[in-house]
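Asks: Here it is, the structure, as structure tokens.
The values are calculated or read from the model by the stated rules, or taken from the named source; none is laboratory data. None of the values given here were measured: they were computed from a predicted structure. Cβ sites come from the backbone with ideal geometry, for glycine too, and all protein chains shown count toward neighbours. Side chains included, ligands, DNA and RNA excluded: accessible areas come from the protein's heavy atoms. Shrake-Rupley method; radii C 1.70, N 1.55, O 1.52, S 1.80 Å.
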Amino acid sequence: MSEGAAAVRAVRSLARPRRGRMSWSDRYVAGFGLVMILAVLAEPLSSALAAFGDPRDPSRAAAGIALVLLAYAGLLALARAAGPVALPAPDASWLLLSPLDRRALLGRTTRILALVCVPVGITLGVVALAVLGAPDQTVVRLAVAVALGLAASAAGMAAAVTAQASQTWDSWLQAAVAVTVVAAATVALLGGAGRWLLAASSAPPAYGAALAAVSAAVAALLVRRAHAATAAMPARAVLGASTRTGHVTRAATGLDPSVLAEIAEEAHWRGRRLRSRPWPSLPAPLATAWHDWRRFARRPGRLAVLFGVAVLPALVARASGGLTPLTAAAVLAGGLAAAASGVSGARRDGDDPALARLLGAGFRSVLAARALLPALLGAAWLAVALGGLTLAGALPAGPWLLLGAAAAPALAAAALRMARRRPVDHSMPVIDTGGGAVPTGPVMWGLTGADLAVAGCLPLALALTGGSAGPGAFLVAQALTGAAALAAYLLCARRGG
């Protein structure tokens, strides 16, 4: 052990009590839990291994690989946004600014990041092989795919760690995310990409092993560069990442993720200088809701990302071989997420009813005015998603755009219900089931808003899951249920959530 690591361990031992060794009962419980997890995962893993040899359609293979690339780009973006090097609050507040060795102080965090790379890499490799298939030598090809996934995961995490310490590497990481997204779009749109991918997956395993060796060498170089960067990691970057990690940890342990949206908004606008402008010449409810429109327009990047992911339902439909319940769930979830991105004003009114009363407008009239932006966002997102499904050949001809517009009021009502829901009620009872104890408080909190979206968009969901009638037969029903969902919510809503 180096002198720096010994100093860090000695300082930490002064503030934290020493942990005793694990007893035999603790080891037995840990081992038994691991065996049970492996037993539960054995059947799905065996089914996936058996499916590796099935023949693959080129279009489905291209769509599946595009989804894998998009998932990898999302992981890189998440690692860059999260930090990823962070410390617990006590260490970040007093040990980080001390003269202790920075690399030794961050050693535990880097080891945790290395452990996180293992399941991520295995998942990427197994999913990619399941998409492409293994015509022969399944075990060897599976080992090669896992090695490639581990190399990609380690390289991405190392690049994120280095980007946290260097602005130049941060620019390169952003470029890598952009290149990965462009590659996913190219694979999805290029006609011969699926056939080329299937031909590459059918090549002898020796070529794959050589590619895995090269990838591992590149990943090792990036890991070495990240290890060197931790010695000069800026304290400001680690403090920012530790603050964000602390917020997420408190929200997760308290089972109250509703605070994350407020924290993200406050962190974005804190320290920014905005120009003061007079309120528009609109009726009072619309002038109050105009704040949401201005706030959303000041962040065009969110709008670009929001409508960029509208192609995911089409990729899911192509990868799964047509319209499935998963495709319908992706459409409804995306529409609800788009609508929920424009309800920050309603969330603020629910958190501070006294401030909402000072606006001098009627409560329900203001709430109705605030429903216009989420309804427009939901309708626009559904139009892009359903148009993509139609162009991909997953949907037959029909008035799908009108059907998406008819579902927008229900999505707006569900988004407002989600924004104004109260924190998790931990006093609710716990139900004992065969899979363990289920706390009803977090479950009810998670279903608040989603229940209204499912009920209000039921005709659209039936049309997407292959109803016997065409989409035109569901249009009138969707218009009625969407309008009824919004009207019922506005009538039943109460001040303060």
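Asks: Would you mind working out the accessible area per residue for region 98-255, using a 1.4 Å probe, and quoting it in Å²?
Replies: 52
Asks: Starting at the first residue of region 234-245, write each ³J(HN,Hα) from the Karplus equation 6.51 cos²θ - 1.76 cosθ + 1.60 with θ = phi - 60°, in whole Hz, x for Gly and Pro.
Replies: Values per residue, Gly and Pro as x: x, 5, 5, 5, 5, 5, x, 5, 5, 5, 5, 5 Hz.
Asks: Highest mean first, what order results for 110-119, 81-90 on Cβ atoms within 10 Å?
Replies: Descending mean neighbour count gives 81-90, 110-119.
Asks: Between region 359-419 and region 170-230, how far is it from one alpha carbon centroid to the other, in angstrom?
Replies: What the calculation gives is 37 Å, centre to centre.
Asks: Also: Between L239 and R273, 0.36 nm times their residue separation minus their Cα-Cα distance comes to what? Kindly include the intermediate steps, with their values, before the conclusion.
Replies: Working: separation 34, 0.36 × 34 = 12.24 nm, distance 2.33 nm.
Extra length available between L239 and R273 comes to 9.9 nm.
Asks: Applying the Karplus parametrisation 6.51 cos²θ - 1.76 cosθ + 1.60 with θ = phi - 60° to the phi angles of region 107-117, what ³J(HN,Hα) value in whole Hz is obtained for each residue in order, glycine and proline being reported as x?
Replies: Working through the residues one at a time gives x, 5, 5, 5, 5, 5, 4, 5, 5, 5, 5 Hz.
Asks: Sticking with this one: If you take the square roots of the eigenvalues of the alpha-carbon gyration tensor of region 327-463 and sort them as a ≥ b ≥ c, do you get rounded (a/c under 1.5), prolate (a/b over b/c) or oblate?
Replies: Judged from the Cα gyration tensor, region 327-463 comes out oblate (a/c at least 1.5, b/c at or above a/b).
Asks: Can you give the FRET efficiency for R9 and A209, using 1/(1 + (r/R0)^6), R0 = 45 Å, r = Cβ-Cβ distance, to the nearest 0.05?
Replies: Approximately 0.65, to the nearest 0.05.
Asks: Please label the shape of region 172-233 as rounded, prolate or oblate, based on the square roots a ≥ b ≥ c of the eigenvalues of the alpha-carbon gyration tensor (a/c under 1.5 means rounded; beyond that, a/b larger than b/c means prolate, else oblate).
Replies: Oblate is the answer for region 172-233, as a/c is 1.5 or above yet b/c matches or exceeds a/b.
Asks: Can you tell me how region 448-488 classifies by the Cα gyration tensor, rounded, prolate or oblate, using a/c under 1.5 as the rounded cut?
Replies: Because a/c hits 1.5 or more and a/b fails to exceed b/c, region 448-488 counts as oblate.
Asks: Also: Ranked from highest to lowest mean number of other Cβ atoms within 10 Å per residue, what is the order of the peptides 326-339, 282-295?
Replies: Going from most to least packed, we get 326-339, 282-295.
Asks: So, in nm, how far is label V218 from label R111 when the simple model puts each one 7 Å beyond its Cα toward the Cβ?
Replies: Label at V218, label at R111, 3.0 nm between them.
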